[in-house]
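A.B. asks: One structure, as structure tokens, below. Some questions next.
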Amino acid sequence: MAGQRGTQVTSLADRAPSADSNAFLAKVHAEHREHLLRFTRRLLPADPHRAEDVVQECLFRAWRNSEILTEKGIPPRPWLFRVARNLIVDWARRDTARPVLFGDDDFDLLPGDTDFADEVVERCVIEEGLAQLTPIQREALDQVYRLDLTRQRAAVSIGVPVGTVKSRVHHATIAMTDVLACQGVTAAGW
């Protein structure tokens, strides 16, 4: 957008607020804030807090662009209303593009028979079991089961012979079975 105007955009950190831009903001705030707030509340009747956010963002952008607005003699009110309308449209598009969020009561509506609480408990038990393995056993299980590598590729990745990977996976599986059995998880539960 800066290329369209032919001006170089600087970040707010690079620019100290000048007395002129502060005076411009004070004037714009005093003259246009109430009109702008009424306009945004009409466009957002169900969300007065969002309307207030839009007004604040418009005033911020006016302050940030104060030099351009004054140099080019752009009247602030139409500019502010256009910015407000564009912000509202952009935020509405962004809100509709977001994934649907679920509340605690909405989990029953999800497809499948998965109980998320049970899934979390299972993951915690598995993490506890993995923590009790040696690092080389965890690495072998990670390569073969989580990354879904063949034992040959896992051997290349780890830098050991294939037989060593097979042995580590075998001993890690036995150790995990013992750890999970202590937690009350049996092979029938897998």
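A.B. asks: Tell me the volume per residue, in Å³, of the convex hull enclosing the alpha carbons of the range 22-97. Present the calculation step by step, with values, prior to reporting the outcome.
C.D. replies: Details: hull volume 6.2 nm³, N = 76.
Hull volume normalised by residue count: 82 Å³.
A.B. asks: If you don't mind, another one. Can you give me the convex hull volume of the Cα atoms of the range 130-189, divided per residue and expressed in Å³?
C.D. replies: On the way: hull volume 4.7 nm³, N = 60.
Hull volume normalised by residue count: 78 Å³.
A.B. asks: Using label points projected 7 Å from each Cα along Cα→Cβ, tell me how many nm separate F81 and K166, to one decimal.
C.D. replies: Those two pseudo-labels are separated by 8.0 nm.
A.B. asks: Between E119 and N22, with labels modelled 7 Å along Cα→Cβ, what's the label distance in nm to one decimal, could you check?
C.D. replies: It is 5.4 nm.
A.B. asks: Further question on the same structure: Stretched out fully, how many nm does the piece from D148 to R41 gain, at 0.36 nm a residue minus the Cα gap? Intermediate results must be reported in sequence, preceding the final value.
C.D. replies: Numbers: separation 107, 0.36 × 107 = 38.52 nm, distance 5.45 nm.
The D148-R41 span can extend by a further 33.1 nm.
A.B. asks: If you average the C-alpha positions of the range 137-190 and of the range 41-58 separately, how far apart do those two centres end up, in angstrom?
C.D. replies: Between the Cα centre of the range 137-190 and that of the range 41-58, the gap is 56 Å.
A.B. asks: Kindly state, to the nearest 0.05, the FRET efficiency for H49 paired with A131, given R0 = 41 Å and r defined as their beta-carbon distance.
C.D. replies: On the way: r = 45 Å, r/R0 = 1.10.
The computed FRET efficiency comes out at 0.35.
A.B. asks: At R0 = 45 Å, how high is the FRET efficiency between F60 and S157 if r is their beta carbon distance? Nearest 0.05 is fine. Each step should come with its number before you reach the end.
C.D. replies: On the way: r = 51 Å, r/R0 = 1.13.
E between F60 and S157, to the nearest 0.05, is 0.35.
Readers should treat all values here as calculations from the given coordinates under stated rules, not as data from a laboratory. Just so you know, these numbers come straight off a predicted model, no measurement behind them. Ideal geometry is used to build each Cβ from the backbone, glycine not excepted, and the neighbour counts take in all protein chains shown.
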